[in-house]
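The values are calculated or read from the model by the stated rules, or taken from the named source; none is laboratory data. Because the structure is predicted, anything quoted here is derived from the model rather than measured. Ideal geometry is used to build each Cβ from the backbone, glycine not excepted, and the neighbour counts take in all protein chains shown. Accessible surface is based on the protein model in full, side chains and every heavy atom, while ligands, DNA and RNA are left aside. Shrake-Rupley method; radii C 1.70, N 1.55, O 1.52, S 1.80 Å.
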Amino acid sequence: MVNSSAVLILGAIPSEVIWSYFAGGVVLAVGLVAIVFRGDWQKARGFDKLILFGPLFYAAPVAAFGTEHFTLTEAVASIIPGWIPWHAFWVYFLGACFIAAALSVVTRIQARLAAGLLGLTFFLFVVLMHGPGWAQDVGNRFALTVALRELSFSGGALALAASLTGQRRERGTEVLATIARYFVAIPVLFFSFEQFMHGQNVPGVPLKPLTPDYVYGHAIWTYVAAVVYAVTGILLLLGKKTRIAATWLGLTVLLVELVVYVPIGVVERASLSKGLNYVADTLMFCGTVFLLAGAMPREVQQREVSAGQ
């Protein structure tokens, strides 16, 4: 009976959704194995163990989204600007690149190159698609939210690239980490404002859906996230206690993911647009913030630098 129920559940889920689940799950599993075999988990202490999940939480959704480029090619091609030629080619090419980059990030094989290219790709999404789309209707707060979400994704990848540089005090690395901090802090502050103003909408990345009644606590999570976003966003923007601020911010997004989006994902498990994509978006944002935390200097290091000056 258990096996029959499992078959019925899987049979009710479209193949394109299953493939995205599969791709994201494989990358997540590979990342977990890599953390253990590299000894990262044993070496990390305290909140640093949470930061280890940044690459996994970022890469698994990237793989899931990359898979959609092959299963929903026409839908993805439809959002590419008309002046760009060869839409189908770019959809397949980016899909393959996303999957390859996700595996690279979790295995650390050419991870810095992959992170840099991901950062550039998401920045180009903002410049070429989402930014102009919002400019056509500046009153559309959801269009602005999407543009800033993509900007934060770019910041997360740049933060990873900065953290993988051998010599942390290279000027180029510091500049890269600073850019990443602003790319995350600005969206966080806007998201905080949106969540204060529209508590009925889903928290984390505040988009169109309303928080379902079956979510325990309902709108309280939106306001909790808004408060944490406001405090940590200001600290990140000012460059104060950046590592701990990003860590607490990431922990808050993870909490929102577990109590709000996992239930949504279970209920809407057969849907990409209503289920998996929202779960993956928020998980990727969580990974983005943890990646930023990993690129920020420790407070002890900051005090030592100040004392040396």
Point to revise | Residues of the range 224-245 satisfying the condition of being out of contact with any Lys or Arg (no Cβ under 8 Å at 6 or more places or on another chain) and either closer than 30 Å to VAL267 by Cα or in contact (Cβ under 8 Å) with a residue 60 or more places away in the chain (or both) | key: VAL224, ALA225, ALA226, VAL227, VAL228, TYR229, ILE244
Check your understanding: Do we have any residue at all in the range 104-111 that's touching an Asp or Glu at 6+ places or on another chain (Cβ under 7 Å), open to solvent by 50 Å² or more (accessible area, probe 1.4 Å) and either modelled with pLDDT under 95 or assigned to a loop (DSSP other than H, G, I, E, B) (or both)?
Key -> no
Check your understanding: Right, LEU258: out of contact with any helix residue (DSSP H, G or I) (no Cβ under 9 Å at 6 or more places or on another chain), more than 24 Å from ALA75 (Cβ to Cβ) and without any contact (Cβ under 8 Å) to a residue 40 or more places away in the chain or not?
Key -> yes
Review point. If you check ALA159, ALA102, which single one turns out to be touching a residue at least 40 places away in the same chain (Cβ under 8 Å), among the hydrophobic types (A, V, I, L, M, F, W, C) and under 17 Å from ALA293 (Cα atoms)?
Key: ALA159
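Every residue, every condition in (1) over 25 Å from GLU16 (Cβ atoms); (2) not in a helix (DSSP H, G or I), yes or no:
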| site | (1), (2) |
| --- | --- |
| VAL215 | yes, yes |
| HIS218 | yes, yes |
| TYR229 | yes, no |
| ILE234 | yes, no |
| VAL256 | yes, no |
| PRO263 | no, no |
| LYS274 | no, no |
Check your understanding: Can you find a residue in the range 100-108 that is of a type in the set (Lys, Arg) and farther than 15 Å from GLY31 by Cβ?
Key -> no
Review point. Name the pairs: first residue in the range 193-216 and free of Cβ contacts under 8 Å to residues at least 40 places away in the same chain and more than 17 Å from VAL267 (Cβ to Cβ), second residue among the polar types (S, T, N, Q) and not in a loop (DSSP other than H, G, I, E, B), Cβ to Cβ under 6 Å, at least 6 apart or on different chains?
Key: GLN195/THR222; GLY199/THR222
Point to revise | Scan of the range 179-219 for residues that are of a type in the set (D, E, K, R) and over 22 Å from ALA147 (Cβ atoms), ordered by number | key: ASP213
Study note, to complete from the structure: Every listed condition ((1) in a helix (DSSP H, G or I); (2) in contact (Cβ under 8 Å) with a residue 24 or more places away in the chain) holds for VAL36 save (2)
Check your understanding: Conditions: (1) in a helix (DSSP H, G or I); (2) in contact (Cβ under 8 Å) with a residue 40 or more places away in the chain; (3) surrounded by 18 or more Cβ atoms within 10 Å (Cβ to Cβ). PHE142 meets all but one. Number of the miss?
Key -> (3)
Revision key, fill the gap. Contact list, first residue from the range 76-96 and within 19 Å of ALA64 (Cβ to Cβ) and touching a residue at least 12 places away in the same chain (Cβ under 8 Å), second anywhere and outside any loop (DSSP other than H, G, I, E, B) and of a type in the set (D, E, K, R), beta-carbon distance below 9 Å, six or more apart or interchain, is VAL76/GLU68; VAL91/GLU74; GLY95/GLU68
Check your understanding: Residues in the range 177-223 that are touching a Lys or Arg at 6+ places or on another chain (Cβ under 7 Å) and within 30 Å of LEU164 (Cβ to Cβ): how many?
Key -> 2
**Study point:** Checklist (1) open to solvent by 10 Å² or more (accessible area, probe 1.4 Å); (2) in a helix (DSSP H, G or I); (3) under 21 Å from LEU176 (Cβ atoms) applied to THR247, failing item
**Key:** (1)
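Here is a yes/no grid of residues against (1) modelled with pLDDT under 95; (2) under 30 Å from SER78 (Cα atoms):
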residue	(1), (2)
ALA102	no, yes
GLY119	no, yes
ALA135	yes, yes
VAL146	no, yes
THR165	yes, no
THR173	yes, no
TYR182	no, no
VAL188	no, yes
Review point. Would the range 52-75 turn up any residue that is at pLDDT below 90 and surrounded by 17 or more Cβ atoms within 10 Å (Cβ to Cβ)?
Key: no
Exercise for review: Have a look at LEU235, LEU276, LEU207 and point out the one that is over 24 Å from ARG45 (Cβ atoms), surrounded by fewer than 21 Cβ atoms within 10 Å (Cβ to Cβ) and in contact with a Ser or Thr (Cβ under 9 Å, 6 or more places away or on another chain).
Suggested key: LEU207
Check your understanding: Out of all the residues in the range 77-102, which are within 27 Å of LEU52 (Cα to Cα) and surrounded by 20 or more Cβ atoms within 10 Å (Cβ to Cβ)?
Key -> GLY95, PHE98, ILE99, ALA101, ALA102
